[in-house]
Each structure stands twice: as structure tokens, then as C-alpha cells.
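The values are calculated or read from the model by the stated rules, or taken from the named source; none is laboratory data. Everything quoted here is computed from the prediction, not taken from an experiment. With ideal geometry, Cβ positions are generated from the backbone for all residues, glycine too; neighbour counts draw on all protein chains shown. Accessible surface areas use protein heavy atoms only, side chains included; no ligands, DNA or RNA. Shrake-Rupley method; radii C 1.70, N 1.55, O 1.52, S 1.80 Å.
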Amino acid sequence: MKMTGHYLDNSATTMPSDAAREAINNALEVWGNPSSVHSLGQNAAALLRECRASVAKTFGMPKFTADRLIFTSCGTESNAIAILGCAHSKKRDPLNPGTVILSAGEHSSVEKCAAQLEAEGYTAVRVPTVGGVLDLDYLKEAVENAQSPVIVAAFMLVNNETGALYDVKKAAQIVKAKYPDALVHCDAVQGYMKTRFTPYTLGVDTLTVSAHKIHSIRGAGALFISAEAVKRKNIVTIAPGGGQESGLRSGTENTVSIAAFAAAATDSFGHYAENRAKVEELRAYLDSSLAERCPTVRQNRPSGEFVPNICSIVVSEVRSETMLNYLSSREVYVSAGSACSAHSKKKSSALEAFGVSPDSADSTLRVSLSYMNTADDIDALVDGLAAGIATLQKKR
Ligand code: PLP
């Protein structure tokens with residue numbers, strides 16, 4: 001299947017792969033309810049078991065394990081189950097319920113959980129991420145000086161706007177050293193299939209991924225929950241109901257979307273090295289083409305590690321929305337900051353946390369690549385940027 005136009009917004013969503021499309025068609029034939037006892041239902045339950053095993057493999061989960069992998073509807077829901085489900089899992093002192101730690105510039109699905117907990121009386125501490133580097137010294141001090149016990153800590157693996165790769169492993173160790181019973185959560189939505197990791201290598205209790213970011217369709221996400229977190233009763237359900245997904249995510253499972261997710265995950269996992277190499281090559285081409293043909297374009301390039309698929313650029317001559325629409329008219333699709341925050345008029349908190357000035361943030365575009373892209377897509381983008389800068393700069 002060929003992509004429409006020049007789609008360079010793969011961190012917002014991705015085109016479903018052939019593997020995902022085939023799985024959808026097959027799953028449509030297995031339409032029973034996995035909770036039904038009759039054979040139609042049991043066929044769907046068997047499909048669900050297969051999908052869980054496939055996704056668990058990509059998480060490095062052993063075949064027989066007390067760790068859990070639950071299916072949800074998306075990354076947003078997985079984050080809320082982990083963070084709110086943990087905060088509400090025990091009776092807390094209403095006057096001083098506890099401390100929540102998170103990195104500055106988290107995706108809104110994490111940031112808004114923290115804000116909700118703050119409104120309930122929890123203390124939230126946001127660890128700076130200037131230059132795309134998680135400030136581990138600040139974290140150490142925050143953990144040492146917390147006024148109330150740290151209940152939950154959430155660190156994203158890859159920032160959705162800058163591509164910065166955070167040292168989640170060290171951050172988890174710092175929190176666990178003082179608060180071994182705290183829940184350490186990782187939103188790995190933008191890291192899944194872009195960098196190699198497992199919840200075990202990161203040392204986290206819970207970890208979120210989302211299907212539609214890895215060439216599947218929307219409607220499925222997953223949440224890893226360690227056996228330890230289960231044993232400590234670290235999470236309670238935030239949406240009670242039929243008790244599906246270990247009682248943590250009630251609601252009849254979306255088997256079609258989950259089947260597509262499992263197929264896309266298996267496909268991406270099997271081709272990880274070649275997909276990553278292709279994206280690295282595309283990124284190098286993008287960097288050199290920009291330097292050569294659009295010398296005034298700057299990058300919000302993390303000073304530490306980053307994934308090659310996300311490139312945050314500043315076209316200072318033109319407001320991002322104007323350039324985005326111009327590029328769109330040439331069938332080149334990128335986003336201004338993160339698509340998920342496009343509904344709010346607020347400036348991007350991730351760019352602010354990175355240290356980007358409000359003026360530059362106003363002219364920032366996110367280009368996000370996939371192994372499905374080609375050099376042709378990069379050429380179309382750079383042609384569009386060069387032409388856009390020449391024609392639009394006066395309208396700023
Ligand atoms: N976390 C991060 C880092 C994201 O980039 C996104 C979406 O862009 C999400 C969570 C939310 O995922 P979903 O769209 O599946 O709810």
C-alpha cells in the first residue's frame with residue numbers, strides 16, 4: 001500500500017501496514033465476545049490470547065510470568081490507569097496524600113493526571129528536561145526532600161515533540177532507592193519500535209504503548225504491569241465494570257484493533273534493525289538537505305540522546321501554522337508541535353521545558369519519519385520549506 005502524498009507526521013499516527021490490514025480482515029471473522037462461554041466467544045478469547053502472547057514477546061516478557069500485559073483503548077488510557085489507578089489504590093491522608101514526580105513536558109495524558117492529583121491535594125514535582133536531558137541531580141534532590149512519600153513517578157521514554165530519549169533507567173533507580181514501593185511508570189508510546197528497550201531493562205513497574213504509532217490502527221494500547229506492582233496492590237481500576245483485562249480495564253475487548261496491533265508489533269519487532277537503519281539514513285538525508293537548501297532553518301536538537309525519527313525544526317521566518325498549511329497544500333504533511341496538543345491554544349509545554357523561546361516555539365514544526373518514507377518525501381518537504389520561506393516570510 002502506497003502512502004498518500006508525503007506523510008511526515010508519523011508521531012501523530014501511522015499508516016496501517018499490510019500485516020495490520022490482513023489481521024483486521026481475519027479478526028472480523030472472529031467477531032464473538034471473548035467473555036462469552038460458547039465456542040464463538042471462545043474463538044475470540046483464543047485470538048485475544050494469541051495477540052497478548054505476541055505483544056508480550058515484544059516486551060521481552062517470559063512465556064510464564066506473573067507480570068501482566070493488559071490491552072486498553074490507547075496510550076492515554078494506559079497512562080491514566082497506571083497513574084490515577086496507583087494514586088487511588090490506597091487510603092491516603094487527605095491533608096497530605098503524597099508526592100507525584102514526573103518529567104517536565106510530559107504528554108498531556110500524563111501531565112493532566114498529575115494536575116488532577118495536584119487538585120486532589122497531592123504534591124507534584126516536575127523534573128526539568130532542558131535541552132532534552134532529564135535532570136537526574138534535580139530528581140535526586142526532589143526524592144530526598146519530598147515533603148510526603150513518593151507514591152508514583154512517571155518518566156516518558158521519548159519526548160513526542162523533540163525526540164529526546166530520557167534516561168528512564170537511572171530515574172527509576174533513583175526513585176526506587178528511597179521509595180521501593182512507589183510505582184515507577186514509563187510512557188513509552190514514542191519509543192516503542194524506535195529504540196530497543198523492555199520494561200525490565202528500564203526497571204519500571206508499568207509501561208504504556210499505543211498501537212496506532214507503530215503502523216496499526218487506532219483503538220488499542222497496552223499497559224505492562226510488573227508482578228511486584230500487582231503484589232503490592234499498586235493499582236486499582238479507575239473504570240469498574242465487567243472485569244475484563246485482569247479487572248483493571250473493564251469493557252469488551254476491541255479484538256479487531258488488538259489483532260491489528262499484535263500483527264503490526266510482530267512485524268515491526270521482526271524488522272526492527274532494518275527499519276531503524278532506514279530511518280537513520282532518511283534522517284541523515286533530511287539533516288544534510290536542510291543544511292544545504294534551507295540554511296536558516298534551525299533544529300531543536302537534543303543535547304543528549306534522541307531517536308532519529310523525530311526532528312523538531314524552527315523556520316523563524318514563518319509561523320508554524322502558516323507553513324504547515326502551505327506544506328499541506330503541496331501534499332506534505334507535518335505537524336506544529338504535537339498533534340495531541342493541537343486542540344489547546346496553550347504553548348507546547350515540551351518545547352518550553354526543552355528551553356525553546358516562545359517566539360521559536362511559534363515557528364516550530366515537527367517532522368516525524370517512518371521506515372515507510374522515502375528520499376522523495378524528504379525532497380518534497382525541503383522543496384516546500386524553501387519555496388515557503390521565499391513566499392511566506394513577509395506574512396509573518
Ligand atoms: N504519550 C505520548 C508520548 C504520545 O506521543 C501520545 C500521542 O501522541 C500519547 C501518549 C497518547 O497516545 P494515544 O493517542 O494512543 O492516546
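If I model a spin label at R196 and K91 as a point 7 Å from the Cα along the Cα→Cβ vector, what separation in nanometres do I get?
Simple spin-label model gives 4.9 nm for this pair.
Starting from the 7 Å offset along Cα-to-Cβ, what nm value, one decimal, do you get for the label separation of S39 and D376?
Distance between the two pseudo-spin positions: 4.9 nm.
Heads up, I need the accessible area for D362: 1.4 angstrom probe, whole protein in place, Å², nearest 10.
Surface open to solvent at D362 totals about 40 Å².
Pick from S289, S103, S17: which residue has the top mean-square fluctuation in a GNM of the chain where Cα pairs under 10 Å get a spring?
Sorting by GNM fluctuation, first place goes to S289.
Net charge within 15 Å of G191 by Cβ-Cβ distance, Lys/Arg positive one each and Asp/Glu negative one each, not counting G191 itself? Write out the running numbers ahead of the final one.
Working: positive: K169, K194, R196, K213, R276; negative: E106, E161, D167, D187, E305.
Here the count lands on 0.
How far apart, in nanometres, would the label points at E118 and H271 be if each is projected 7 angstrom from Cα along the Cα-to-Cβ direction?
Computed distance between label sites E118 and H271 equals 4.3 nm.
Which shape class, rounded, prolate or oblate, goes with the chain when its Cα gyration tensor gives a ≥ b ≥ c as root eigenvalues, a/c under 1.5 marks rounded, and past that a/b bigger than b/c marks prolate? Mind showing how you got there, number by number?
Values: a/c = 2.03, a/b = 1.23, b/c = 1.65.
The shape class here is oblate.
If K213, K2, K90 are ordered by their accessible area, calculated over protein heavy atoms with a 1.4 Å probe, which sequence runs from highest to lowest? All intermediate terms of the calculation are to be shown ahead of the outcome.
Details: K213 15, K2 165, K90 85 Å².
From most exposed to least exposed: K2, K90, K213.
By how many nm would the segment from A53 to K233 lengthen if fully extended, with 0.36 nm per residue of separation less the alpha-carbon distance? Each step should come with its number before you reach the end.
On the way: separation 180, 0.36 × 180 = 64.80 nm, distance 2.37 nm.
Contour length minus the Cα-Cα distance gives 62.4 nm.
Looking at the chain, what % of its DSSP beta bridges pair antiparallel, to the nearest 5?
On the way: 20 of 40 bridges.
DSSP beta bridges in the chain are roughly 50 percent antiparallel.
If you keep only loop residues by DSSP, which trypsin sites (Lys or Arg not before Pro) in segment 214-264 have at most 14 other Cβ atoms within 10 Å of their Cβ? Walk me through the numbers on the way to the answer.
On the way: sites: R218, K231, R232, K233, R249; in loops: R218, R232, K233, R249.
Loop-located and lightly packed - K233.
Under a Cβ-only charge scheme (Lys and Arg +1, Asp and Glu -1), can you give me the dipole magnitude of the chain about the Cα centre, in debye to the nearest 20? Working shown, then result.
On the way: 40 positive and 41 negative charges, 125 e Å.
So the magnitude is around 600 debye.
Classify segment 1-139 as rounded, prolate or oblate from the Cα gyration tensor: take a ≥ b ≥ c as the square roots of its eigenvalues, call it rounded if a/c is under 1.5, otherwise prolate when a/b beats b/c and oblate if not. Could you put the intermediate results ahead of the total?
On the way: a/c = 2.49, a/b = 1.49, b/c = 1.67.
Oblate shape, in that a/c is at least 1.5 and b/c is the bigger or equal ratio.
Once every DSSP H run of n ≥ 4 in the chain is given -39500 (n - 2.57) and the sum is divided by its residues, what mean residue ellipticity at 222 nm do you get, rounded to the nearest 500 deg cm²/dmol?
Working: 14 runs with 161 residues, N = 396.
It comes out at -12500 deg cm²/dmol, rounded to the nearest 500.
Label segment 168-244 by shape, choosing from rounded, prolate and oblate, from the square roots a ≥ b ≥ c of the eigenvalues of the Cα gyration tensor; if a/c is under 1.5 it is rounded, and otherwise prolate applies when a/b is larger than b/c, oblate when it is not. Could you put the intermediate results ahead of the total?
On the way: a/c = 2.85, a/b = 1.16, b/c = 2.46.
It is oblate, given that a/c is not under 1.5 and a/b is not larger than b/c.
Under a 10 Å cutoff between Cα atoms, tell me which one of C294, C113, C74 has the largest fluctuation in the Gaussian network model of the chain.
Ranking C294, C113, C74 by mean-square fluctuation puts C294 first.
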